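Visitor: If you scroll down you'll find the structure; I have some questions about it.
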Amino acid sequence: MRKHLRTAPVLLTLLALLAGACGGATATTSPSGPFRVAVVMPSATTDMAYSQSMFQAMKAVQAEMGGESALEFAWSEGMFNVPDAAAAMRDYATQGYDLVIAHGSQYGASVQEVAPDFPDTSFAWGTNVDTFGMPNVFAYTAAAEEGGYVNGVMAAMLTQSKIIGITGPVEVGDAKTYIDGFRNGVAATDPSITINATWTGSFSDVALMTEAANTHIAAGADILTGSSQSVVGSIGAAKDKGGVLWFGTQADQATLAPELVVASQVYDWVGVVKDMIAKHQAGTLGGEVFTLRLSNDGLKIAYGTGYSLPADVRSAAEAAIAGIKDGSIKPLP
Amino acid sequence: MAELFTLPVLLGIAFSGIRLATPYLYAALGETFAQRSGVLNLGVDGIMLMGAFSAFFVALNTGSLWLGLAAAAVVGLLMGLLMALVSITFKAEQGISGIGLYMFGLGLSSLLFRTTVGTVKTISGFQPVKLPLLGDLPILGDIFFRHSLLVYGAFLAVPLAWFILERTTWGLKIRAVGQQPAAADSLGVNVTAVRYACTGLGGVLAGIAGASLSIALTNLFQENLTSGQGFIAVALVYFGGWRPLGVLGGALLFSFVNAFQLWMQVLVPEMEADIAVMLPYLLTIAALAVAVNRTRQPAALAKPFERGEA
Amino acid sequence: MPTLTTASSPAPGLTPAPASAIARRVAIQRVAMRGIVKRFPGVLANAGVDFDVNAGEVHALLGENGAGKSTLMRQLYGLYPPDAGEILIDGQPHTFHSPADAIRAGIGMIHQHFMLVPTLTVAENVALGLRSSREPQMDLKVVAARLNTLAEAYGLKVDPGAYIWQLAVGEQQRVEILKALYRGASLIILDEPTAVLTPQEVDGLFATLRRMAGEGHALIFISHKLHEVLAISQRVTVLRDGHVVGERAAGSVGRQELAQLMVGREVKALPAQAVQTGGVRLALEGVRAQGDRGTEGLRGVSLAIHAGEVLGLAGVSGNGQRELAECLAGLRRVSAGRVLLGGRDVTHASPRERLLAGQAYIPEERMRDGAIKNFSVLENLFLHDHAAPNYARWGVLNTNAMRARAAALVQRFNVKTPGLETPLKNLSGGNIQKLILARELSRQPRVLIAAQPTRGVDIGATEYIHQQLLAQRAAGTAILLISEDLDEILALSDRIAVIYEGAIMAVLPRGQATPAALGLLMAGVHGHEAG
């Protein structure tokens, strides 16, 4: 009995770790041949947003390059804990990966610390524009305000109640620039519209995010938008209430509720990843900044499949896209 | 600030607060039973996650919300009995085994979600049911009687739990076993059986708490859906002084302040969101510091029972 | 082993004491335990014990702590099974797997540490584990009504709606007895029932027991107090080291003989000594302090203890003794008043400062406050002096010097231990207490606070500890003896203070302190009120 006493909790913990590990990284090593890329992501690859956008891009690049024999791809997801992420980066670099992507602006300090120890490995991090002046660090970012502006134009034309709700976790990074662009798009179309914003302070509290969306709806909003991983809660609420529309960002969120997702700004990292691989193979290991824009097809507006968008709204959106591309419209003043 | 105290806003706060309180109520009432019998189960959050996933998975694949709810209850029971086995039969340190159970639930629910569902999907959950007559009451009807069945269930569970604990012979055994197991044992009460039953019941209610999240309130599942609500529920048990009514008060306070701060963000944009978000936690800490009366704590909480060790 | 002890008690019918022989032939034997053997790791607690009890009889089970009395009774109550031997109830062999089985067989037990749930009411404690007349709901009104009838019949007045924590110890004991009676127990085991009572409460208890026996209940009375055993029982069985060393009819045996059976040798009374008191060494002036329940534990205690004097502090458990001891040891905050140690104000001094000022402390909870159970004998002896210059240099312990001193102390204070490295938890209670005594007394304290110094300690060790305390007194130490054992207080003290609800009722010189007078004071009754 005494023996059980000690082993029982340990056993449980081991079970837990086992369960965690099974869903975790699937790194494989092979001596030489394929180009090897590792990605460290804060949330799950199925988050319908930020991490998923990078995961899908990697899969697409891999398919384009000719499968696993040409591009080997390993990833660690759910790395909310920054020290864990730093350890994972160091592991991948030690295993000889050619490019280690730290997919989160919170990982900057970790990249700064790890990169100098592995001069032959390229590191990339985003979303940010700072390469720390290191020769083997790339930075990448998304001009999220561009799609935000386009979504804002459409939202302003579609709202009946003249009230729009924004839900988000924390007011930083591309979450903030998206919303700033969105506000400007709305204001440029109809300055009389009220925009309410709530921040839940948590990237994972779906219940509170859902209630925030309910609060907006109760406060009169008939259109919702927002950024980040836990935005699915808001869509759930909007779906339940009926008659409330949603604009997405980071990934195409139409599948969650086809009938109410008007449009999503989609991040397409394929071009950025391909560029970085090409630079590495050409001997440039870092020092450059990549930005997703409408103009370089890194950002796309995906119109909802189950929602019939009025033609005038669609043409206004296309006009806004063209204006942003040619520089006549500035999403952020 | 004044616009916060208009009738529609207060109604909205009350309505949201009641919804938000639902998972806390189920989980904390279940934990109340476990703790009153002397078992500290810190794994509530892990059980909630498994309950949330089971309910979502079954509802998604069978289309039956009731089957989903039953699945959550069964999975919760099994998790509760696992905790009972480790902490009562094997007499493991309960604080540690509870954390182990939490990690187990977190890891397993994530793994199962990825392998069986894969991506975030939404379902149509329990819909609000307007109660006949009561739902037509002005004001009160809007706040209290237009919720989903699981919300009503949580609030009905409060007097039921009180009745069981304070008015039944089984409740008397629970209270005795959590306070002075040797005394109960000396009167022929089966201490082990009572503790197993209470920990199992706690598991069932934690499973239902998870289900209330995934198939009634948010209508989806994602990894770590609860984001620590189970731990708040454990804190609410302390806050409520191990009494169902106290737990109700704590759950409502926490949820109403949360609902209030969301409305504050909408209506008082000049207020920093960071400060608003902190409100419920600040208030909880303050209330815990003031309200928690340790003398109500079951004296045998987290202590394994060994016959003859008086 | 002296020759006057008899072997295990013979089979029924062959009683050694002729006086009880007639009574027993007509008596109905309720319970018989035959050849009971019970082993615990390293201990043979019961080595083939025979014991029986008849209806309408009080049968005392006498023995020192550790003699195996409680172990024997716990087997009768189903708390653990015997390794060998059998238990007969009304002639039929029974095997008890749990107390539930014993209760069903009509056995009730009043444990030394009450088996009551303090947060429940009297009625709830009684109803616990019983079927209700309206399951699943409780039927507390029915319980209360029956309880009142029983209470009336046996003179056990108690309020069914009161919470246990509100009750005095004597009342709690009544609840324990009522619990057994309520369950229809016809055989009741009372494990050291008088240990926590005032002399008046003991009289009340005895009246109840006589009434119960008169109605045909069989009672087993466990005690190590000879005069009580002789006062209440018809038969006495003496246990020593797990063996029955004698069975006597209470009417035909003297205290001296029973004491010798119990201890296995002659017990000497303490020699009376002349009192040589000096100046005040320890003074308390209106000391107040919080109790554990959040209420005021000490409500203005004033005492003065002189050099060469033992001041006994008598009182029923829980009246502020622990709070007082902890205040003096520096373990509890004094909220008002002053404590003077040798004239110096130490009201808020740390335990270490008091130690350095010459105060020694023998704590009530010796395993919690007095010693570290997983440390060795050696380490425990040096808990205070580990940093003294003789034993440590630059913070490094000088183990040779420590060993030499520890060996000397162990010998001088007669601590029975396999070695200096033995973990303390492997020692008996008496030896642990002697070790603490060795540590505290070897520093030649000027003031000694001794809280319950012989609780749970066998008679041999108790005798030794008492001698040591008196030797300290002779050496001029001022001693505060806090004890709930009135016999101990009366045997050692020069003056006796009685504490009740955190206040001193009176301080009597030994000559005026009769058990009756002290008993009234311990119950909170002032002398003039009692007249």
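The values are calculated or read from the model by the stated rules, or taken from the named source; none is laboratory data. Being a predicted model, the structure only gives us computed values, none of them experimental. Cβ sites come from the backbone with ideal geometry, for glycine too, and all protein chains shown count toward neighbours. Please note that ligands, DNA and RNA were not included when accessible areas were found on the heavy atoms of the full protein model with its side chains. Shrake-Rupley method; radii C 1.70, N 1.55, O 1.52, S 1.80 Å.
Visitor: Calculate, for C:His113 and A:Lys330, the FRET efficiency according to 1/(1 + (r/R0)^6) with r their C-beta to C-beta distance and R0 56 Å; round to the nearest 0.05.
Guide: Taking R0 as 56 Å, the efficiency between C:His113 and A:Lys330 is 0.10.
Visitor: Continuing with the same structure: Please give the calculated 222 nm ellipticity per residue for chain C, where each DSSP H segment of at least 4 residues contributes -39500 (n - 2.57) and the sum is spread over every residue; nearest 500 deg cm²/dmol?
Guide: For chain C, the value works out to -9500 deg cm²/dmol.
Visitor: What does the net charge come to around B:Val39 if you take all other residues with beta carbon closer than 10 Å to its beta carbon, with K and R at +1 and D and E at -1?
Guide: +2
Visitor: For a quick check, take a GNM of chain A with Cα springs below 10 Å and name the residue from A:Gly165, A:Gly201, A:Gly286 with the largest mean-square fluctuation.
Guide: A:Gly201
Visitor: How far apart, in nm, are the 7 Å Cα→Cβ label points at B:Val129 and C:His348?
Guide: 6.4
Visitor: Which value in deg cm²/dmol, rounded to the nearest 500, describes the helix-derived mean residue ellipticity at 222 nm for chain A, given -39,500 (n - 2.57) per DSSP H run of n ≥ 4 and division by the residue count?
Guide: Counting only the DSSP helices, I get -13500 deg cm²/dmol.
Visitor: Starting from the Cα of C:Thr149, step 7 Å along the direction of its Cβ; do the same at C:Val507; then give the gap between the two resulting points in nm.
Guide: For the pair C:Thr149/C:Val507, the computed spacing is 5.4 nm.
Visitor: Let me ask you something else. Give me the one-decimal nm value for the distance between modelled label points at C:Ala357 and C:Phe40, 7 Å along each residue's Cα-to-Cβ direction.
Guide: 4.0
Visitor: Where the accessible area of segment B:2-294 is counted over protein heavy atoms with a 1.4 Å probe, how much of it, in %, is carbon and sulfur?
Guide: Reported share for carbon and sulfur atoms: 73 percent.
Visitor: What does the convex hull of the Cα atoms come to per residue for chain A, in Å³?
Guide: Cα convex hull per residue, to the nearest whole number: 160 Å³.
Visitor: Would you list the P(r) distribution for segment B:75-140, with all Cα-Cα distances sorted into 10 Å bins from 0 and each bin expressed as a whole %?
Guide: 16, 26, 20, 19, 17, 1
Visitor: State the dimensionless ratio Rg/Rh of the protein assembly as shown (Rg: radius of gyration of Cα atoms; Rh: Kirkwood radius).
Guide: The Rg/Rh ratio comes out at 1.09.
Visitor: In terms of the Cα gyration tensor, with a ≥ b ≥ c the square roots of its eigenvalues, is segment A:225-271 rounded because a/c is under 1.5, prolate because a/b exceeds b/c, or oblate?
Guide: Taking the square roots of the gyration eigenvalues as a ≥ b ≥ c, segment A:225-271 is prolate.
Visitor: Apply the Debye scattering formula to segment A:269-333, with a single equal point scatterer on each alpha-carbon and no solvent, then give log10 I(q)/I(0) at q = 0.14, 0.16 Å⁻¹.
Guide: One equal scatterer on each Cα of segment A:269-333 leads to -0.60, -0.71.
Visitor: Across segment A:144-152, in residue order, what do the Karplus-derived ³J(HN,Hα) couplings come to in whole Hz, using 6.51 cos²θ - 1.76 cosθ + 1.60 with θ = phi - 60° and x for Gly and Pro?
Guide: 4, 5, 5, x, x, 4, 4, 4, x
Visitor: When each pair of different Cα atoms in segment C:154-302 is counted once in the 1/r mean, what is the Kirkwood radius in angstroms, to one decimal?
Guide: 19.1
Visitor: Continuing with this model, one more query. Whole percent per 5 Å bin, from 0 to the bin with the longest distance: what is P(r) over all C-alpha pairs of segment C:280-530?
Guide: 1, 6, 14, 17, 19, 16, 12, 7, 4, 2, 1, 0, 0
Visitor: Report the residue, chosen from A:Trp246, A:Trp125, A:Trp75, that carries the largest GNM mean-square fluctuation when chain A is represented by alpha-carbon nodes joined by springs under 10 Å.
Guide: A:Trp75
Visitor: Still on this structure, please answer the following. Taking a cut-off of 18 Å between Cα atoms, list the aspartates and glutamates near A:Lys59, but don't count ones fewer than 8 places away on the same chain.
Guide: The qualifying aspartates and glutamates are A:Asp47, A:Glu68, A:Glu72, A:Glu77, A:Asp98, A:Asp252, A:Asp268, A:Asp275, A:Asp297.
Visitor: Report the residue, chosen from A:Gln265, A:Gln253, A:Gln62, that carries the largest GNM mean-square fluctuation when chain A is represented by alpha-carbon nodes joined by springs under 10 Å.
Guide: The residue with the greatest mean-square fluctuation here is A:Gln62.
Visitor: Same structure again: Pairs of Cα atoms under 8 Å, at least six residues apart: use those to get the relative contact order of segment A:154-221, whole percent.
Guide: 48
Visitor: If you don't mind, another one. Calculate one ³J(HN,Hα) per residue across segment A:299-316 by plugging θ = phi - 60° into the Karplus curve 6.51 cos²θ - 1.76 cosθ + 1.60, and present them in order as whole Hz with x for glycine and proline.
Guide: 10, 9, 9, 9, 7, x, 7, x, 10, 8, 7, x, 4, 5, 5, 4, 5, 5
Visitor: Around C:His306, which amide H atoms from residues at least 5 apart in sequence, or from another chain, sit under 5 Å from its own amide H, with H modelled in the peptide plane?
Guide: For C:His306, whose amide H was placed from the backbone, the distant partners under 5 Å are C:Arg281.
Visitor: Using just the alpha carbons, could you tell me how many Å³ per residue the convex hull of chain B encloses?
Guide: So the per-residue hull volume is 137 Å³.
Visitor: Take the residue pairs A:Lys279/B:Lys121; C:Lys38/C:Lys157; B:Lys303/C:Lys38 and return only those whose Cα atoms are more than 30 Å apart.
Guide: In this structure, A:Lys279/B:Lys121; C:Lys38/C:Lys157 lie more than 30 Å apart at Cα.
Visitor: For segment B:2-294, build the charge dipole from Cβ charges (+1 Lys, Arg; -1 Asp, Glu) around the Cα centre, then report which of B:Gly249, B:Pro8, B:Leu77 sits farthest towards its positive end.
Guide: Of the candidates, B:Leu77 comes out farthest on the positive side.
Visitor: Return the whole-Å distance between the Cα centroid of segment A:248-299 and the Cα centroid of segment C:440-470.
Guide: Taking the Cα centre of each part, segment A:248-299 and segment C:440-470 sit 83 Å apart.
Visitor: A further question follows. Ordering C:Leu282, C:Leu150 by how much accessible area each has at a 1.4 Å probe, largest first, what is the list?
Guide: C:Leu150, C:Leu282
Visitor: Hey, with R₀ at 60 Å, roughly what FRET efficiency would C:Arg211 and C:Arg338 work out to, going by the Cβ-Cβ distance, to 0.05?
Guide: 0.75
Visitor: Please give the charge dipole size of segment C:280-530, origin at the Cα centre, charges +1 on K and R Cβ atoms and -1 on D and E Cβ atoms. Round to the nearest 20 debye.
Guide: Computed about the Cα centre, the dipole is about 860 debye.
Visitor: Further question on the same structure: With θ set to phi - 60° and the Karplus curve 6.51 cos²θ - 1.76 cosθ + 1.60, what are the ³J(HN,Hα) couplings of segment C:481-497 in order, to the nearest whole Hz, using x for Gly and Pro?
Guide: In residue order, the calculated couplings are 9, 9, 8, 9, 9, 4, 4, 5, 4, 5, 6, 10, 7, 8, 10, 10, 9 Hz.
Visitor: Moving on. With viscosity set to 1.002 mPa s at 20 °C, what whole-number translational diffusion coefficient in µm²/s follows for chain C from Stokes-Einstein and a Kirkwood radius over Cα pairs?
Guide: After rounding, the answer is 85 µm²/s.
Visitor: Now, a different point. Could you compute how much accessible area chains A and B hide from each other, both sides summed, with a 1.4 Å probe? Nearest 100 Å² is fine.
Guide: Approximately 3800 Å² gets buried when A meets B.
Visitor: Something else about it: What net charge do the residues around A:Tyr97 carry, taking every other residue with its C-beta under 13 Å from that of A:Tyr97, with Lys and Arg at +1 and Asp and Glu at -1?
Guide: Here the count lands on -2.
Visitor: Percentage of Cα-Cα pair distances in segment C:418-515 greater than 16 Å, rounded to whole percent?
Guide: When every Cα pair of segment C:418-515 is considered, 60 percent fall beyond 16 Å.
Visitor: Now, a different point. If Lys and Arg each add +1 and Asp and Glu each add -1, what is the summed charge of the other residues whose beta carbon sits under 13 Å from the beta carbon of C:Glu353?
Guide: Once all neighbours under 13 Å are counted, the net charge is +2.
Visitor: Any idea of the accessible area per residue across the protein assembly as shown, 1.4 Å probe, to the nearest Å²?
Guide: 39
Visitor: May I pose another question? Using only Cα atoms, locate the centre of segment C:134-162 and the centre of segment C:276-345, then give the distance between them in Å, rounded to an integer.
Guide: Each part reduced to its Cα centre gives a spacing of 41 Å.
Visitor: As a test of understanding, state the convex hull volume per residue of segment C:119-183 from its alpha carbons, in Å³.
Guide: 75
Visitor: Determine, from the Cβ-Cβ distance of C:Asn414 and B:Thr115 and an R0 of 56 Å, the FRET efficiency 1/(1 + (r/R0)^6), rounded to the nearest 0.05.
Guide: It comes to 0.20.
Visitor: Using only the alpha carbons, work out the radius of gyration and Dmax of segment B:60-178 in angstrom.
Guide: 19.3, 55
Visitor: Now for a separate question. Given axes a ≥ b ≥ c from the Cα gyration tensor, I'd like to know whether segment B:193-310 is rounded (a/c under 1.5), prolate (a/b larger than b/c) or oblate.
Guide: Judged from the Cα gyration tensor, segment B:193-310 comes out oblate (a/c at least 1.5, b/c at or above a/b).
Visitor: While we're on this one: Given charges of +1 on the Cβ of Lys and Arg and -1 on the Cβ of Asp and Glu, with all other atoms neutral, how large is the dipole of the protein assembly as shown about its Cα centre, in debye to the nearest 20?
Guide: 4040
Visitor: Distances over 12 Å make up what percent of all Cα-Cα pairs in segment C:314-359?
Guide: 61
Visitor: If you don't mind, there's one more thing I want to ask. Between A:Leu245 and residues 5 or more places away or on another chain, which pairs have amide H atoms under 5 Å apart, with H built 1.01 Å from N, and which residues are they?
Guide: Amide H neighbours of A:Leu245, under 5 Å, 5+ apart: A:Ile223, A:Leu224.
Visitor: Counting every Cα pair in segment B:128-271, what percent are over 28 Å apart?
Guide: 34
Visitor: I've got another one for you. Would you please give the residues with an amide H less than 5 Å from that of C:Val245, counting only those at least 5 places away or on a separate chain, with H modeled from the backbone geometry?
Guide: Amide H to amide H, under 5 Å and 5 or more residues apart or across chains, C:Val245 pairs with C:Val238, C:Leu239, C:Arg240.
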